[in-house]
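The values are calculated or read from the model by the stated rules, or taken from the named source; none is laboratory data. All values derive from a computational prediction rather than experimental measurement. Quick reminder, even Gly has a Cβ in these numbers, built from the backbone with ideal geometry, and neighbours come from all protein chains shown.
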Amino acid sequence: MALWDIPTRGLIAHKMSISPAMFARAATRPEHCTKDTCPASYSIYGYAPNLGANAFFVAIFAISCLTFCYQARLYRKWLGFSIAMILGTALESVGYGSRLMLSADPFSATGFKLNIVLLTFAPAFLTAGIYLLLKHLTLSLNPRLSPLKPSLYTPIFVSCDLAAIILQGAGGAISAAAANGTNKKLLDLGVNVMIAGLSSQVVTLAIFAILAGVFFFRIAGARDTLEPHAGHLWQASGFRMFVISAILAFVFIFVRCAYRIAELKDGWGSPIMRRENEFIILDSVMISVAAVLLNIFHPGRCFRQNLNETAVDLSTLDQKDGDEESIQVYALSKAHA
């Protein structure tokens with residue numbers, strides 16, 4: 001049921017508690033609704049977000065954000081990854097805080113604006129962090145087996161991710177300017193821009209998955225010929241758990257992006273958008289589990305567990321293949337040989 005086709009029968013139950021004039025205005029134009037004049041089904045989302053569930057996700061993302069802040073200080077060589085995670089989880093936490101506002105008042109303009117802007121593009125910061133990992137993985141195992149020069153992963157994929165963030169943020173801002181649904185043209189324009197941003201993110205994720213898949217396929221096929229340091233790292237349980245967690249986080253974020261495209265393709269107030277259970281499973285759970293996995297199996301901790309931090313001759317690595325941080329990661333892995 002689209003936002004603009006909502007029937008008036010839902011207001012009948014409220015008719016006795018409001019004036020005839022208020023009832024007539026709300027029945028004619030749903031955007032005139034307030035929590036005192038209309039049921040939650042008349043809001044864009046069609047429900048009042050569950051208080052307990054959304055409070056839980058506020059806490060999960062807030063704790064995750066604080067943990068990433070601690071890890072940023074502890075593992076300084078992975079500062080870029082940690083900053084991306086901090087931004088993503090902080091925005092998620094505030095975004096779910098806005099859903100608490102909508103739980104109290106489904107017609108809250110402030111809650112609506114914060115919700116659509118923050119929860120739309122916050123996961124893009126998590127994908128940016130994942131993009132940073134592949135460069136380090138290729139340099140640590142065997143940069144020559146990478147289908148793309150390791151130093152190119154960060155500028156290419158982070159730039160694409162930034163473009164997706166801008167599009168999704170702009171689309172959310174345009175929809176937010178519609179003031180909780182009072183301007184259908186703005187809502188539709190905002191939706192189209194957000195879909196463009198989400199679609200570009202999905203395409204970028206798919207290309208990234210192909211390149212990562214090719215690299216790991218080559219590594220698996222050449223594991224018997226890997227240099228000792230790379231072979232040891234590849235067999236280390238902690239390192240493998242880190243790789244598996246990153247892959248799972250990637251899959252969860254991809255599923256979430258696909259869901260959001262399906263949710264938005266029919267516009268605001270679409271049937272999918274008006275079912276909270278699907279949102280919780282395919283968005284909230286997907287992103288929160290991804291964040292927790294990257295928290296628990298932070299690359300700084302997993303690399304440190306499996307590498308001896310011993311100085312080595314950096315001439316063993318073609319320095320054109322990566323920046324100084326990446327070279328250090330590769331050097332640390334080779335020191336374990």
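Points to keep in mind about this one:
- Summed over region 96-132, residues that are buried (at least 24 other Cβ atoms within 10 Å of the Cβ) and without any contact (Cβ under 8 Å) to a residue 40 or more places away in the chain total 1.
- Selection from region 264-302 of residues that are over 22 Å from Leu87 (Cβ atoms) and among the β-branched types (Val, Ile, Thr): Ile272, Ile280, Ile281
- If you go through region 87-117 and keep only what is hydrophobic (A, V, I, L, M, F, W, C) and within 17 Å of Phe56 (Cα to Cα), you end up with Ala90, Leu91, Val94, Leu100, Met101, Leu102, Ala104.
- Taking every residue in region 162-174 that is over 16 Å from Leu132 (Cα atoms) and pairing it with any residue that is modelled with pLDDT of 90 or more and not in a helix (DSSP H, G or I), at least 6 positions away or on another chain, yields no pair with a Cβ-Cβ distance below 7 Å.
- Subset tally (residues that are touching a Lys or Arg at 6+ places or on another chain (Cβ under 9 Å) and more than 21 Å from Phe157 (Cβ to Cβ)) for region 69-94: 3
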